[in-house]
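Worksheet: one structure, shown below.
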Amino acid sequence: MRLIIGGGTLAGKPQLLFIHGIGSARTTDVELREWSTSLANGVRAAGHADLVSGLTQSWAAETRFANYSDLFHKADAQGAADDVAEEDLPLLLGLLDEMTQELARQAELVDDRRSLQIITSARAQIQSAIDPDVAQAQGPLGVVRRAGNALTTLLQLPGLRQASQWTSGVQLLPVLSQVGRYLARKEPDDAGLGLDARIRERVLSGLDPSRPLIVISHSLGTVVAYEALHAYRGPVPLWITLGSPLAMGALVLQRLAPRPPHTPGGVERWLNFWDRDDIVVARPRLERWMKPNASGVVPVTERADTNGLWTHTATKYLAHKIVAGPVAETLKKL
């Protein structure tokens, strides 16, 4: 790396980009501090204590938190149900259905009968919401109510029932609907740029393709990162995906651009992590669904169980040593 005398920075200084997923409005500085601190804790747990201050003080890498949460905010929304548009319901219900299918499969694998009972009950409620006769009789608000009740049932699962982030499934619905809103490629601004394009533009803004880039993306952010990195022309020594819905069949996988789904060209290593209690992850093993890039890179998936409340949270993943360790190792090589 070459020191630039006047600017006090390193010409080859690595870039570290955090890309968030579903959720409510975020404050960039607060999120950057929390993600960096969690990653530093994970790095220490992985045996790289010498990098902790480098991550928290941003001298090991130029660290940025790509915040696009405000683009999902509807200023005129009156409540949770108002935040779910009628046109978003089919994909949202499909997402819930696929989530419960995967959760049921995981519960069956470990013979968790209590969880399976809860999941089966939730899935019955989702199927009821999907029923066209129900939709016609009760209207969109009735469908939203049924879907919200199903999510409330799912929040009774071990590891989730004491979570304070959401008091009811109805509050969680508009958050989950963000996946569908991104993939709908609609909601143009005054210049005609769709919501998805505006999100990718914000994510890529300010990056320097001449310097190595490490990307850590979470949840919907993994979908955003997939599409953004296909347009990025710089080297990406490491891309980490956390709690990713990328392989969710017709709901996500078949809507990705470009297709067929494959590793972005600049990615040199792709590590994918999932938690067994993460209700947003279905089909966690991305390597079964992604073709390699020209360098032969495909995702490598590993479980990172956090055994904590509300596991679909980036900071819980980042503090895990198997997630943070490869980041530290990569930074030391750059």
Restricting to the chain, compute how many DSSP beta bridges are antiparallel as a %, nearest 5.
5 percent
Can you put 290, 99 in order of Cβ neighbours within 10 angstrom, beginning with the fewest?
290, 99
Lysine pairs in the chain with alpha-carbon atoms under 21 Å apart, 8 or more places apart or on different chains: how many are there?
5
Name the residue farthest towards the positive end of the dipole of the stretch 167-240 from the options 176, 218, 237, assuming +1 on Cβ of Lys and Arg, -1 on Cβ of Asp and Glu, about the Cα centre.
237
Just one of [x] 65, 56, 42; [y] 70, 50, 37; [z] 53, 43, 41 is Cα extents along the principal axes in Å as worked out from the coordinates here. Which one is it?
[y]
Taking a cut-off of 16 Å, what percent of all Cα-Cα pairs in the stretch 81-183 are separated by more than that?
55 percent
Helix 89-109: angle to the longest alpha-carbon principal axis of the chain, degrees 0 to 90, nearest 10?
80 degrees
Charge dipole (debye, nearest 20) of the chain; +1 at Cβ of Lys and Arg, -1 at Cβ of Asp and Glu
960 debye
Please order 190, 133, 196 by the number of other Cβ within 10 Å, starting at the fewest.
190, 133, 196
From the helices alone, meaning DSSP H stretches of at least four residues, give me the mean residue ellipticity at 222 nm for the chain, per-run term -39500 (n - 2.57), in deg cm²/dmol to the nearest 500.
-13500 deg cm²/dmol
Using only Cα atoms, tell me the angle between helix 220-231 and the longest principal axis of the chain; keep it within 0 to 90° and round to the nearest 10.
50 degrees
Fewest-first sequence of 334, 173 by Cβ atoms within 10 Å of each Cβ
334, 173
What list of ³J(HN,Hα) values in whole Hz, one per residue of the stretch 184-191 in order, does the Karplus curve 6.51 cos²θ - 1.76 cosθ + 1.60 (θ = phi - 60°) give from phi, with Gly and Pro shown as x?
6, 6, 10, 6, x, 8, 4, 8
Taking H placed 1.01 Å from N in the peptide plane, check which residues at least 5 places from residue 262 or on another chain put their amide H under 5 Å from its amide H.
291
As I understand it, the value is the acute angle between the Cα axis of helix 132-154 and the longest principal axis of the Cα atoms of the chain; what does it come to in degrees, rounded to 10?
60 degrees
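Throughout, read-outs are computed from the coordinates displayed, never taken from laboratory work. Predicted model only: the values in this text are computed from it and were never measured. Ideal geometry is used to build each Cβ from the backbone, glycine not excepted, and the neighbour counts take in all protein chains shown.
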